[in-house]
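Read the structure below first, then the notes.
The values are calculated or read from the model by the stated rules, or taken from the named source; none is laboratory data. Everything numeric here is computed off the predicted structure, so don't read it as measured data. Cβ atoms come from the backbone with ideal geometry, glycine included; neighbour counts cover every protein chain shown.
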Amino acid sequence: MTLRDKQIVVGVGGGIAAFKAVELVRELQRRGAKVRVVMTPSACRFVGPITMTGLTGQPAVTDLWDPKHPGEIHVELAHWAHAIVIAPATANLLARAAHGFADDAVLATLACAGCPVLMAPAMHERMWRAAANQRNVERLTQDGVRWAGPVQGALANGTTGMGRMAEPVQIADALEREAFAPPDLAKVRVLVSAGPTLEDIDPVRFISNRSSGRMGYALAAAARDRGASVTLVTGPTQLPLPAGVQTVQVRTALEMQQAIHNALRKTDVVIMTAAVADYRPAQAKTSKIKKQGETMSIELVKNPDILATLGAKRKGKRPVLVGFAMETNDVVAYGRKKLVQKKADLIVANEASVGFGRDDTQATLVGKRGDEALPPMSKRELAHRILDRVCGLL
Ligand code: C5P
């Protein structure tokens, strides 16, 4: 977990996206960070400082003149911070920060910062594109500010456009990537497969499984944060696509195999987290199957085993291979069997009941030189533990 024990100051500006700053605080804490919050007076009109105080266990700082804070609170906060995140960063806040204003608690803390600063802008598209705002962004970039978003999407007034604040998960990802990741996978090309595959029965029905894609997306983001150049081949999921990763969206096992094949020549490591359907209907019907008798059967044919096909290639001709073994029982034993059968370099073995569809999981890393049983942890942290092992296999 790259944010473990990191001390992060979240500065909240006065925009409607301020409600998402609450979730951002939570997300940073989930990743192990210690968080303190500082708010502009207008931010306090959108979210209550008490909410932030409750979440962080530290009084949210809203006022440079608050007698509860002895001494210079902005100096103390800036010294404490390993990084400062401004979310939402409004047009007004960007303008004042670009000119070094220090007349509220957020700006005074920024003015005193000696650590990485990440801003997540949020405003109407016209405000974002305005010449004056772009000048301010340019100036702040020159001053070393890093950015998360803005992104294209629904804006506060009901229209759609550029200027929406990045989601809390994306802001936290950007912070890890921009401020803290060890660059131990620099120049390494990593391909991650993720999510389920969907195998069509007819135009409206398919066979699939409950894979959420979370593990694969966490791996793609973690590899990116460690400097790798990442390709994510993903089946259909509900997750936002990770930024800074080349993504190929596929539907079926055969499409996934083709996408992986296409990327293979430029790949040093393949991590197969995808829950590839083992079988597909022998024939996808072109029109909807009608309801008939009391029972029905669908003939299935085996899908190619993508990982095993890669494992069968000659050593030196193939990338480092990491597979997953999701089982309901005898997890580690099956994991060891898969390591041998599929000729993988590492298998991540975990139980379906603890992993599927959830944010956290518990796994055993099964390698050629033995097993490493890990305690329960977030998928993001597990991703980093897997990548630690990958570094040793390169
Ligand atoms: O054999 P099993 O499906 O349990 O193996 C799981 C591992 O093999 C995962 O890494 C999965 O991505 C990969 N796999 C594959 N192609 C398949 C089935 C599984 O690459 N058709």
For segment 265-284, the count of residues that are under 11 Å from T197 (Cα atoms) and either outside any loop (DSSP other than H, G, I, E, B) or not assigned by TED's automatic domain parsing to the domain that holds R210 (or both) equals 3
Failed item, numbered, when E372 is tested on (1) part of a strand (DSSP E or B); (2) within 15 Å of the ligand (Cβ to nearest atom)
(2)
Condition check for A21: over 30 Å from D360 (Cα atoms) and at pLDDT 95 or above:
no
Taking first residues from segment 63-75 that are modelled with pLDDT of 90 or more and second residues anywhere that are among the polar types (S, T, N, Q), the pairs with Cβ under 6 Å that are 6 or more apart or on different chains are H74/T109
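One line per residue, one yes/no per condition, for (1) in contact with a helix residue (DSSP H, G or I) (Cβ under 6 Å, 6 or more places away or on another chain); (2) closer than 24 Å to R265 by Cβ; (3) among the β-branched types (V, I, T); (4) touching a residue at least 40 places away in the same chain (Cβ under 8 Å):
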| site | (1), (2), (3), (4) |
| --- | --- |
| P304 | yes, yes, no, yes |
| V320 | yes, yes, yes, yes |
| K338 | no, no, no, no |
| I347 | yes, no, yes, no |
| M377 | no, no, no, yes |
| R380 | yes, no, no, yes |
| D388 | no, no, no, no |
Taking segment 15-26 as the region of interest, how many residues are surrounded by fewer than 21 Cβ atoms within 10 Å (Cβ to Cβ) and not β-branched (V, I, T)?
3
Can you name every one of the helices (runs of 4 or more DSSP H) wholly within segment 168-264 that holds 2 or more residues which are of a type outside the set (F, W, Y) and modelled with pLDDT under 95?
168-175, 214-225
Name the pairs whose Cβ atoms lie under 6 Å apart, with the first residue in segment 270-281 and over 10 Å from S208 (Cα atoms), the second of a type in the set (F, W, Y) and near the ligand (Cβ under 9 Å from one of its atoms), and 6 or more positions between them or separate chains?
T273/F324
Restricting segment 272-326 to residues that are of a type in the set (D, E, K, R) and buried (at least 16 other Cβ atoms within 10 Å of the Cβ), the residue that is farthest from the ligand (Cβ to nearest atom)
R318
Quick one: in segment 1-14, which of the residues that are assigned to a loop (DSSP other than H, G, I, E, B) and at pLDDT 95 or above is surrounded by the most Cβ atoms within 10 Å (Cβ to Cβ)?
G13
Can you tell which of Q238, Q258, Q249 is over 26 Å from G335 (Cβ atoms) and within 16 Å of the ligand (Cβ to nearest atom)?
Q258
What is the number of the single condition among (1) within 16 Å of the ligand (Cβ to nearest atom); (2) touching a Leu at 6+ places or on another chain (Cβ under 7 Å) that A218 does not meet?
(2)
Looking at G158 and the list (1) part of a loop (DSSP other than H, G, I, E, B); (2) farther than 16 Å from D225 by Cβ; (3) under 16 Å from the mean Cα position of the chain (by Cα), which single condition is not satisfied?
(3)
In segment 341-369, residue modelled with the highest pLDDT [restricted to those that are part of a strand (DSSP E or B) and of a type in the set (S, T, N, Q)]:
T364
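Please go through segment 299-340 and give me each residue that is part of a loop (DSSP other than H, G, I, E, B) and basic (K, R), ordered by number.
K313, R314, K315, K317, R318 - these are the residues of segment 299-340 that are part of a loop (DSSP other than H, G, I, E, B) and basic (K, R).
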